[in-house]
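K.L.:
Encoded as C-alpha coordinates, here's the structure I'll be asking about.
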Amino acid sequence: MKNSITLILFLSALVSCKNYAQDLETLLPSKTATAAVAFKANEEEPEMKKQNIYQFIVKDLQGNKFDFAKLKGKKVMIVNTASKCGLTPQYKDLEALYKKYKEKGLVIVGFPANNFAGQEPGSDKEIGAFCAKNYGVTFPMMSKISVQGKDMNEVYQFLTQKSKNGLQDSEVEWNFQKYLIDERGELYKVLSPRTLATDEVVTEWLNN
(Lines give C-alpha, C1' and ligand atoms only; values in the text may rest on other atoms or scores of the structure.)
Protein backbone atom coordinates (compact mmCIF):
# COMPACT_ATOMS: atom_id res chain seq x y z
CA MET A 1 0.00 0.00 0.00
CA LYS A 2 2.83 2.31 0.91
CA ASN A 3 4.55 1.64 -2.42
CA SER A 4 1.30 2.37 -4.30
CA ILE A 5 0.93 5.75 -2.60
CA THR A 6 4.56 6.61 -3.43
CA LEU A 7 4.02 5.70 -7.10
CA ILE A 8 0.86 7.83 -7.31
CA LEU A 9 2.68 10.86 -5.81
CA PHE A 10 5.58 10.41 -8.25
CA LEU A 11 3.28 10.27 -11.26
CA SER A 12 1.36 13.36 -10.08
CA ALA A 13 4.62 15.33 -9.71
CA LEU A 14 5.74 14.23 -13.19
CA VAL A 15 2.47 15.42 -14.76
CA SER A 16 2.71 18.76 -12.91
CA CYS A 17 6.27 19.32 -14.16
CA LYS A 18 5.18 18.57 -17.73
CA ASN A 19 2.28 21.03 -17.50
CA TYR A 20 4.56 23.71 -16.00
CA ALA A 21 7.05 23.27 -18.83
CA GLN A 22 4.27 23.64 -21.41
CA ASP A 23 2.93 26.75 -19.67
CA LEU A 24 6.43 28.26 -19.53
CA GLU A 25 6.95 27.58 -23.22
CA THR A 26 3.70 29.38 -23.97
CA LEU A 27 4.66 32.43 -21.90
CA LEU A 28 8.24 32.63 -23.17
CA PRO A 29 8.52 32.47 -26.99
CA SER A 30 11.21 30.27 -28.45
CA LYS A 31 14.49 31.77 -29.66
CA THR A 32 13.34 31.22 -33.21
CA ALA A 33 10.07 33.08 -32.61
CA THR A 34 11.89 35.92 -30.81
CA ALA A 35 14.37 36.25 -33.67
CA ALA A 36 11.52 36.33 -36.18
CA VAL A 37 9.78 39.13 -34.26
CA ALA A 38 13.04 41.12 -34.06
CA PHE A 39 13.65 40.67 -37.80
CA LYS A 40 10.11 41.84 -38.59
CA ALA A 41 10.56 44.92 -36.40
CA ASN A 42 13.80 45.82 -38.16
CA GLU A 43 12.25 45.15 -41.54
CA GLU A 44 9.38 47.54 -40.80
CA GLU A 45 11.59 50.31 -39.37
CA PRO A 46 11.66 53.14 -41.94
CA GLU A 47 15.05 54.10 -43.31
CA MET A 48 16.23 57.70 -42.95
CA LYS A 49 15.79 59.31 -46.34
CA LYS A 50 18.46 61.85 -47.21
CA GLN A 51 16.92 65.04 -48.56
CA ASN A 52 18.25 67.79 -50.81
CA ILE A 53 17.70 71.52 -51.23
CA TYR A 54 15.70 71.16 -54.45
CA GLN A 55 12.43 70.41 -52.63
CA PHE A 56 12.09 73.97 -51.31
CA ILE A 57 10.26 76.95 -52.76
CA VAL A 58 10.58 80.29 -50.95
CA LYS A 59 9.94 83.97 -51.67
CA ASP A 60 12.54 86.61 -52.49
CA LEU A 61 12.65 90.21 -51.24
CA GLN A 62 10.24 91.27 -53.99
CA GLY A 63 7.72 88.59 -53.06
CA ASN A 64 8.46 86.45 -56.11
CA LYS A 65 8.69 82.66 -55.97
CA PHE A 66 12.22 81.27 -55.76
CA ASP A 67 12.42 77.58 -56.62
CA PHE A 68 15.62 75.85 -55.50
CA ALA A 69 15.00 73.16 -58.12
CA LYS A 70 16.23 75.70 -60.69
CA LEU A 71 19.69 75.46 -59.12
CA LYS A 72 20.29 71.81 -60.02
CA GLY A 73 23.89 71.23 -61.05
CA LYS A 74 25.14 74.42 -59.37
CA LYS A 75 27.13 75.00 -56.20
CA VAL A 76 25.15 77.03 -53.69
CA MET A 77 26.15 79.05 -50.64
CA ILE A 78 23.32 79.87 -48.25
CA VAL A 79 23.96 82.61 -45.70
CA ASN A 80 21.77 84.30 -43.09
CA THR A 81 22.32 88.05 -43.25
CA ALA A 82 21.73 91.17 -41.16
CA SER A 83 22.03 94.90 -41.85
CA LYS A 84 23.16 96.14 -38.43
CA CYS A 85 25.77 93.56 -37.45
CA GLY A 86 29.52 93.86 -37.00
CA LEU A 87 29.77 91.23 -39.73
CA THR A 88 27.56 93.14 -42.20
CA PRO A 89 30.59 94.22 -44.28
CA GLN A 90 30.83 90.57 -45.35
CA TYR A 91 28.25 91.53 -47.97
CA LYS A 92 31.16 93.02 -49.92
CA ASP A 93 33.10 89.74 -50.09
CA LEU A 94 29.97 87.75 -50.82
CA GLU A 95 29.12 89.99 -53.77
CA ALA A 96 32.71 89.84 -55.08
CA LEU A 97 32.70 86.04 -54.84
CA TYR A 98 29.37 85.84 -56.62
CA LYS A 99 30.52 88.04 -59.49
CA LYS A 100 33.72 86.04 -59.89
CA TYR A 101 32.17 82.57 -59.87
CA LYS A 102 28.55 82.91 -61.01
CA GLU A 103 29.49 82.09 -64.61
CA LYS A 104 31.15 78.93 -63.27
CA GLY A 105 27.95 77.81 -61.55
CA LEU A 106 27.95 79.47 -58.11
CA VAL A 107 24.78 80.88 -56.62
CA ILE A 108 24.77 82.72 -53.28
CA VAL A 109 21.39 82.88 -51.56
CA GLY A 110 20.93 85.35 -48.72
CA PHE A 111 18.30 84.90 -46.03
CA PRO A 112 17.85 88.02 -43.85
CA ALA A 113 17.05 87.01 -40.26
CA ASN A 114 16.40 88.98 -37.09
CA ASN A 115 17.29 86.20 -34.64
CA PHE A 116 20.46 87.76 -33.25
CA ALA A 117 20.31 90.89 -31.10
CA GLY A 118 17.61 92.39 -33.33
CA GLN A 119 20.20 93.23 -36.00
CA GLU A 120 17.83 92.84 -38.98
CA PRO A 121 14.77 94.87 -37.95
CA GLY A 122 13.76 96.23 -41.36
CA SER A 123 11.11 95.16 -43.83
CA ASP A 124 11.96 93.27 -47.01
CA LYS A 125 11.81 96.53 -48.95
CA GLU A 126 14.16 98.28 -46.52
CA ILE A 127 16.59 95.36 -46.56
CA GLY A 128 16.68 95.36 -50.35
CA ALA A 129 17.35 99.09 -50.49
CA PHE A 130 20.12 98.80 -47.90
CA CYS A 131 21.88 95.95 -49.73
CA ALA A 132 21.72 97.72 -53.10
CA LYS A 133 22.81 101.13 -51.81
CA ASN A 134 25.65 100.05 -49.52
CA TYR A 135 27.04 96.91 -51.14
CA GLY A 136 25.58 96.68 -54.64
CA VAL A 137 24.25 93.20 -53.90
CA THR A 138 23.10 91.33 -57.00
CA PHE A 139 22.98 87.76 -55.70
CA PRO A 140 19.50 86.44 -54.81
CA MET A 141 18.14 87.75 -51.51
CA MET A 142 15.12 86.06 -49.96
CA SER A 143 12.32 87.39 -47.79
CA LYS A 144 13.19 87.69 -44.09
CA ILE A 145 12.82 84.44 -42.12
CA SER A 146 13.71 82.87 -38.78
CA VAL A 147 16.74 80.56 -38.59
CA GLN A 148 16.21 79.41 -35.00
CA GLY A 149 13.50 78.27 -32.62
CA LYS A 150 9.97 77.00 -33.14
CA ASP A 151 9.38 79.21 -36.18
CA MET A 152 12.58 78.13 -37.95
CA ASN A 153 12.12 78.20 -41.71
CA GLU A 154 11.95 74.78 -43.38
CA VAL A 155 15.09 75.46 -45.41
CA TYR A 156 17.03 75.90 -42.18
CA GLN A 157 15.41 72.83 -40.67
CA PHE A 158 16.99 70.93 -43.55
CA LEU A 159 20.34 72.69 -43.16
CA THR A 160 20.62 72.15 -39.39
CA GLN A 161 19.20 68.64 -38.88
CA LYS A 162 21.20 65.53 -39.75
CA SER A 163 17.97 63.51 -40.00
CA LYS A 164 17.12 65.67 -43.02
CA ASN A 165 20.48 66.61 -44.61
CA GLY A 166 22.29 63.33 -43.90
CA LEU A 167 25.56 65.09 -42.98
CA GLN A 168 25.43 66.71 -39.56
CA ASP A 169 23.43 68.54 -36.93
CA SER A 170 24.33 72.20 -36.51
CA GLU A 171 23.05 75.37 -34.95
CA VAL A 172 23.13 78.81 -36.54
CA GLU A 173 25.53 80.61 -34.21
CA TRP A 174 25.16 84.19 -35.49
CA ASN A 175 24.59 86.29 -38.58
CA PHE A 176 26.48 85.28 -41.74
CA GLN A 177 26.85 81.58 -41.03
CA LYS A 178 27.41 79.78 -44.32
CA TYR A 179 26.11 76.47 -45.65
CA LEU A 180 27.72 75.01 -48.76
CA ILE A 181 25.52 72.89 -51.03
CA ASP A 182 27.03 70.69 -53.74
CA GLU A 183 25.86 70.15 -57.32
CA ARG A 184 23.45 67.41 -56.21
CA GLY A 185 21.67 69.75 -53.82
CA GLU A 186 23.16 68.05 -50.77
CA LEU A 187 24.78 69.72 -47.78
CA TYR A 188 28.56 69.68 -48.19
CA LYS A 189 29.95 71.84 -45.38
CA VAL A 190 28.99 74.26 -42.60
CA LEU A 191 31.13 77.38 -42.10
CA SER A 192 31.11 79.63 -39.05
CA PRO A 193 29.92 83.25 -39.27
CA ARG A 194 33.47 84.61 -39.13
CA THR A 195 34.71 82.44 -42.00
CA LEU A 196 34.87 84.86 -44.91
CA ALA A 197 33.57 84.14 -48.38
CA THR A 198 37.15 84.61 -49.58
CA ASP A 199 38.50 81.92 -47.25
CA GLU A 200 40.64 79.17 -48.75
CA VAL A 201 38.12 76.50 -47.82
CA VAL A 202 35.55 78.25 -50.05
CA THR A 203 37.82 78.78 -53.04
CA GLU A 204 39.08 75.18 -52.88
CA TRP A 205 35.48 73.96 -52.84
CA LEU A 206 34.63 76.12 -55.85
CA ASN A 207 37.65 75.05 -57.84
CA ASN A 208 37.23 71.31 -57.32
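K.L.:
Considering the range 165-174 alone, what residues qualify as being crowded, with 19+ Cβ neighbours inside 10 Å and either among the acidic types (Asp, Glu) or within 8 Å of the chain's Cα centre (by Cα) (or both)?
P.N.:
Residue satisfying the conditions is Asn165 alone.
K.L.:
If you go through the range 191-208 one residue at a time, how many are outside any helix (DSSP H, G or I) and under 20 Å from Pro89 (Cα atoms)?
P.N.:
Summing the residues that are outside any helix (DSSP H, G or I) and under 20 Å from Pro89 (Cα atoms) in the range 191-208 gives 9.
K.L.:
On to the next question. May I ask you to say which residue of Glu171, Glu154, Glu183 is acidic (Asp, Glu) and under 18 Å from Lys75 (Cα atoms)?
P.N.:
Glu183
K.L.:
Taking the conditions exactly as written (out of contact with any Leu (no Cβ under 8 Å at 6 or more places or on another chain), under 17 Å from Ile181 (Cα atoms), acidic (Asp, Glu) and modelled with pLDDT of 50 or more), does Asp67 satisfy them or not?
P.N.:
So Asp67 fits the description; yes.
K.L.:
Considering only the range 113-125, how many residues are within 13 Å of Gln62 (Cβ to Cβ) and surrounded by 15 or more Cβ atoms within 10 Å (Cβ to Cβ)? Working first, answer last.
P.N.:
Initially, the range 113-125 is screened for residues within 13 Å of Gln62 (Cβ to Cβ), giving 123-125.
Cutting the leftovers down to surrounded by 15 or more Cβ atoms within 10 Å (Cβ to Cβ) gives us 124.
Adding up the residues that qualify gives 1.
K.L.:
Still on this model: So in the range 136-146, with the set limited to residues that are crowded, with 16+ Cβ neighbours inside 10 Å and of a type in the set (Gly, Ala, Ser), which one is nearest to Lys92 (Cα to Cα)?
P.N.:
Checking each candidate, the answer is Ser143.
K.L.:
Within the set of pairs 6+ apart or on separate chains, which have a first residue in the range 95-110 that is under 17 Å from Tyr179 (Cα atoms), a second that is part of a strand (DSSP E or B) and of a type outside the set (A, V, I, L, M, F, W, C), and C-beta atoms under 7 Å apart?
P.N.:
Here the result reads Gly105/Lys75; Leu106/Lys75; Gly110/Thr81, each pair linking the range 95-110 to a residue that is part of a strand (DSSP E or B) and of a type outside the set (A, V, I, L, M, F, W, C).
K.L.:
A further question follows. If the requirement is being surrounded by fewer than 17 Cβ atoms within 10 Å (Cβ to Cβ) and modelled with pLDDT of 95 or more, which of these qualifies: Gly185, Gly110, Gly149?
P.N.:
Matching residue, one of Gly185, Gly110, Gly149: Gly149.
The values are calculated or read from the model by the stated rules, or taken from the named source; none is laboratory data. From a predicted model like this one, the values you see are computed outputs, not experimental measurements. Every residue, glycine as well, gets a Cβ built from its backbone with ideal geometry; the counts of neighbours run over all protein chains shown.
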